[in-house]
Amino acid sequence: MDPETRRAIIMENYLNPYNREPAPANYIKVNTNNESCIDNLDIYLLIEDDIIKDVKFTGEACAISTSATSIMIKLLLGKTISEAQNLLTNYRNMINELPYDAEILEEALCFDEIYKQQNRKNCALLPWKGIEKALAKYQENK
Amino acid sequence: MHTEDFPMLKQDIIYLDNGATTLKPYAVIDAITDYYENYSANAHRGDYDISLKVDLAYENTRDIVKEFLNARYLEEIIFTSGATQSLNMIANGFFAPLLESGDEIIISKSEHASNVIPWFEIATAKNVHIKYVDLDDNHYVTINNLKKAITPNTKVIALAGITNVIGDERPIKEICKLAHEHNIFVVVDGAQSVPHLKTDVQDLDCDFLAFSAHKLCGPTGVGVLYGKIELLEHLIPQNYGGGMNETFDNESEVYLKSLPTRLEAGTPNIAGVIGLGAAINYLNQIGMENITSYERELRRYLINELMQIPHIDIINPESDSGIVAFNVDGIFAQDIAVYLNKYHVCIRAGNHCAKILKSEVGVTNTCRVSLYFYNTKRDVDKLVELLKDKNKIIEEMI
Ligand SMILES: Cc1ncc(COP(=O)(O)O)c(C=O)c1O
């Protein structure tokens, strides 16, 4: 992805994040934060019949974490749990410079060079750590 | 001033995170290297020349600290691993055995975690209450509010001399006077005050004081616990082992050494203590009054400059210390720190270990600039220049 597009996607999702709002009580709620920094987000997940119906988030975080969350939410909507897990694996591989499937990551490809900024990798991973927890919670309570 | 004394400042950086830790001058680095290169033996084992030299150097720092704080006795100076350990020793070794169910501890919402959580632990274990003195509109502690917080059950007031986010200088002398009229002990967290202000424990009349070497140009991993001798005598050691015992034959007959050794079990941080002595000598050469007044002037300059920038909101415009907390309108504090880092300007973003402060100030996270005497107007100019243009920040923060 070229630097201009990368920048544009990140800024758009930072300034106008998707679904940044509190959720009703029937959503699965998880908190996700980075020990080494001050990002702190609550992520809310609604799953019906193993399909992700809705994801919302609230909290304070930096431009990278906030945009990564917004982008993640758009990717996850309508996906099955196993599709979500596949996205998670590929996204994490991209952040960690491992082989990944670029076809499925769409906008999230804007973080394909975040590894160059070591201290921001965790920011890009933050929402995905949250969704992993939320999915685990869902499986447990099923 | 004195920038030439600091090897770190040869790099292309502007270091404005002195509240977290300070840079080290050659004088300190050389003293530590000298120990490791030329007389690297243990202390208190003086059967040969170099070990005796270690003893003398180690105990010489105690002298230096005693003079620095104007303590009455050498035995009132205990070397620890830092302010955090000192505060834990005071809380657990002195107050935990003393406090009884229903007693009250007064702290404030702008304390650092190290002057909060040790008290929380005691509160839970001993059914003791933590009370927060109300802060005024500037988030300061006032004598009047303290008077209101004190009850017949209050046993200890634990406050920072200068706080690490708001940077306000507390009226410790008046606080001690008030507290002692009510038979209340005063613990001063001096982590942010001792490096910047002349501290005279006899004049203040505080009962305990804690600080770290690394925030006053000294090495990491070493600090001081000061206590009035009659109180320290009752402080129960948390660490038992070598160096601090007189004799022992079986578990019921362990005789402990006298102060200060009793509270310094095990091989101490000898290099650190020697470095601390060198750091205080270095500060004394500059003069604590000069340091304080230089920092005040630099702070005023910074505040005046920041005030001109409409998108900057200063949390503590009135404080006296070199600590300035602010936010840039609509931009997350950490993004500001990341942006400044691109220009090698080091500041801190976050809650600065003062997690209970947010309910007072209404913001969770801030950018914090904390100055020391080696910062210059040029440093401030560079910072201000970078913060002036909000579009540039947004442009470059990711
Ligand atoms: C006010 C205050 N108290 C205590 C501490 C703890 O000091 P240390 O981490 O050196 O033990 C700090 C350090 O950040 C501080 O700012």
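Within region B:10-39, take every residue that is assigned to a strand (DSSP E or B) and not aromatic (Phe, Trp, Tyr) and give me the one that is nearest to the ligand (Cβ to nearest atom).
The qualifying residue nearest to the ligand (Cβ to nearest atom) is B:ASP17.
Please pick out the residue among A:LEU126, A:LEU75 that is crowded, with 18+ Cβ neighbours inside 10 Å, in contact with an Asp or Glu (Cβ under 8 Å, 6 or more places away or on another chain), more than 14 Å from chain B (Cβ to nearest Cβ) and touching a residue at least 12 places away in the same chain (Cβ under 8 Å).
Exactly one residue qualifies, and that residue is A:LEU75.
Looking at region A:6-34, which of its residues are over 10 Å from A:PHE57 (Cα atoms) and more than 14 Å from chain B (Cβ to nearest Cβ)?
Across region A:6-34, the qualifying residues are A:PRO24, A:ALA25, A:ASN26, A:TYR27, A:ILE28, A:THR32.
Residues to consider are A:CYS62, A:CYS37; find the one that is open to solvent by less than 20 Å² (accessible area, probe 1.4 Å) and either within 30 Å of B:ARG348 (Cβ to Cβ) or at pLDDT 95 or above (or both).
After ruling out the rest, the residue left standing is A:CYS62.
Give A:TYR14, A:TYR27, A:TYR44 a once-over and let me know the one that is over 22 Å from A:ILE95 (Cα atoms), hydroxyl-bearing (Ser, Thr, Tyr) and crowded, with 20+ Cβ neighbours inside 10 Å.
Matching residue, one of A:TYR14, A:TYR27, A:TYR44: A:TYR44.
Answer yes or no: is there a residue in region B:183-194 that is within 16 Å of the ligand (Cβ to nearest atom), among the small types (Gly, Ala, Ser), over 17 Å from B:GLY82 (Cβ atoms) and more than 14 Å from every other protein chain (Cβ to nearest Cβ). Spell out the reasoning first.
Keep residues of region B:183-194 that are within 16 Å of the ligand (Cβ to nearest atom), which gives B:186-194.
Now drop any that are not among the small types (Gly, Ala, Ser), which leaves B:190-191, B:193.
If we keep only those that are over 17 Å from B:GLY82 (Cβ atoms) as well, we get none.
No; the residues of region B:183-194 include none that is within 16 Å of the ligand (Cβ to nearest atom), among the small types (Gly, Ala, Ser), over 17 Å from B:GLY82 (Cβ atoms) and more than 14 Å from every other protein chain (Cβ to nearest Cβ).
Where in region B:311-398 are there helices (runs of 4 or more DSSP H), lying wholly inside it, with at least 1 residues that are within 11 Å of another protein chain (Cβ to nearest Cβ)?
Here the list reads B:333-341, B:358-361, B:390-396.
Just to be sure I understand, how many residues within region B:227-247 are surrounded by fewer than 14 Cβ atoms within 10 Å (Cβ to Cβ) and assigned to a helix (DSSP H, G or I)?
1
Okay, residues lined up against (1) of a type in the set (Ser, Thr, Tyr); (2) within 16 Å of the ligand (Cβ to nearest atom); (3) over 18 Å from the mean Cα position of the chain (by Cα):
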residue: B:PHE68; (1), (2), (3): no, no, no
residue: B:ILE90; (1), (2), (3): no, yes, no
residue: B:LEU98; (1), (2), (3): no, no, yes
residue: B:LYS109; (1), (2), (3): no, yes, no
residue: B:PHE120; (1), (2), (3): no, yes, yes
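Filter region B:266-298 down to the residues that are assigned to a helix (DSSP H, G or I) and free of Cβ contacts under 8 Å to residues at least 12 places away in the same chain and list them by number.
Of everything in region B:266-298, those that are assigned to a helix (DSSP H, G or I) and free of Cβ contacts under 8 Å to residues at least 12 places away in the same chain turn out to be B:GLN285, B:SER293, B:GLU297.
The values are calculated or read from the model by the stated rules, or taken from the named source; none is laboratory data. Since the structure is predicted, the reported quantities are computational estimates derived from the model, not experimental observations. Methodologically, a virtual Cβ is constructed for each residue, glycine included, from the backbone with ideal geometry; neighbour enumeration extends over all protein chains shown. To get the accessible areas, we keep the full protein, side chains included, count just its heavy atoms, and leave off ligands, DNA and RNA. Shrake-Rupley method; radii C 1.70, N 1.55, O 1.52, S 1.80 Å.
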